[in-house]
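What follows is a short report on a single structure.
We did not get these values from a lab; they are worked out from the coordinates using the rules stated. Because the structure is a prediction, the values reported are computed rather than measured. In this analysis, Cβ positions are derived from the backbone assuming ideal geometry, glycine residues included, and neighbour counts consider all displayed protein chains.
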Amino acid sequence: MESAKREEPVLRHVEKDVLIPKLMREKAKERCSEKVHAFNECCKDSGFLMVLKCREQNTALKECLTVYYKDPAFYEECKQEYLKEKQEFIRTGVPTKNRQQKLPTSM
C-alpha cells in the first residue's frame, strides 16, 4: 500500500482546490453544451427579464453541471488529465494552450 502512495503525486492546495475544479467546470460545460446553449439563447432573447424567463433553462443547466461536479470518477478523470498536462509542461516548458503544432514560416 505504501508503494501506491509513492506513485500518486502530491498535489498542492491550489491544484486540488482551484486548478482541477476549473478543468472540471470546463469539461462539464462541454458535456452539458446543449443546456449551456439553451440557457444562453434564452438569456439573449429575454434581456433584463432573463432572471424570470430562463428559470427552467437555468435549472436544467445547474442539474447537468452538478451531476459532473459531484462525480468522484469525473474528478479523478480531470485530475489525471491535469497531471498529464503538468508532466508535459515540466518536460517541455510549454503550457498546454501554447502547445499547438506550428510549422516554421521559412520553409
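Worth pointing out:
- When you restrict to C-alpha pairs under 8 Å that are six or more residues apart and normalise by the size of region 11-83, the relative contact order lands at 42 percent.
- Distance violations [Cα-Cα > 31 Å] among 29/53; 16/97; 29/86; 53/79; 53/84; 53/97: 53/79; 53/84; 53/97
- Estimated distance in nm for a label pair at residue 44 and residue 88, the labels positioned 7 Å out from Cα along Cα-to-Cβ: 3.1 nm
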